[in-house]
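Here the structure is laid out as structure tokens; the discussion comes afterwards.
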Amino acid sequence: MLRRHSRWLLAAVSLLVASVAVSQTPPSITFQSPSQGWNVFASSNPLPFGATASIVFDASRLTQCRGNINANTPGWTITGHYQFNNGPVQSFWVAGFSSTPNPPAPSIPLNTRGDLAIWFENTSRWGCQAWDSNFGNNYHFNVQ
């Protein structure tokens, strides 16, 4: 009898550990390339409050403002912008030149519940500016 209960307990613990591992997968928001159909999607809907969402942005979505300085240093930057519930706008580096050596991978802390709006800006040192903003509507995600 003890042996049967031990097997059941082992199976239950294994299932619990697997469930916890799945629930701890960090969320992500992906912005695919034009060749992938310009698709935009979140790994979950709603996004989990309290987590940090990694941003996967294909730089080929914004190619208008490009050029290099001294042949190998980008003279352009893609910056992501976001805001929760029409609050203050915050920004993060996505691609291109960064004044910070080894900038962190793009991510957004999901520290506010409600509407998360995201858009991207491509700028260059020569004054060029282009946007990926869902035609001015921004990309919206629910955080709960």
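Structural remarks
- Built amide H within the under 5 Å cut-off of THR52, gap 5+: LEU110
- Förster radius 41 Å - calculated FRET efficiency between ASN102 and ASN134, Cβ distance, rounded to 0.05: 0.85
- HN-Hα J in Hz across segment 65-77 - Karplus 6.51, -1.76, 1.60, θ = phi - 60°, x for Gly and Pro: 10, 10, x, 10, 9, 6, 6, 10, 9, x, x, 9, 9
- Gap separating the Cα centres of segment 122-137 and segment 74-116, nearest whole Å: 14
- 3J(HN,Hα) from dihedral phi, segment 105-121, Karplus parametrisation 6.51/-1.76/1.60, rounded to Hz, x for glycine, proline: 4, x, 7, 10, x, 8, 9, 9, 7, x, 7, 10, 9, 10, 8, 10, 10
- Signed unit charges on C-beta, dipole axis of segment 12-144, positive-most listed residue LEU47, THR77, PHE135: THR77
Each value in this text was obtained by applying a stated rule to the coordinates, not by laboratory testing. Keep in mind it's a predicted model, so treat the numbers as computed, not measured. All Cβ positions, even for glycine, are placed from backbone atoms using ideal geometry, and neighbour counts span all protein chains on display.
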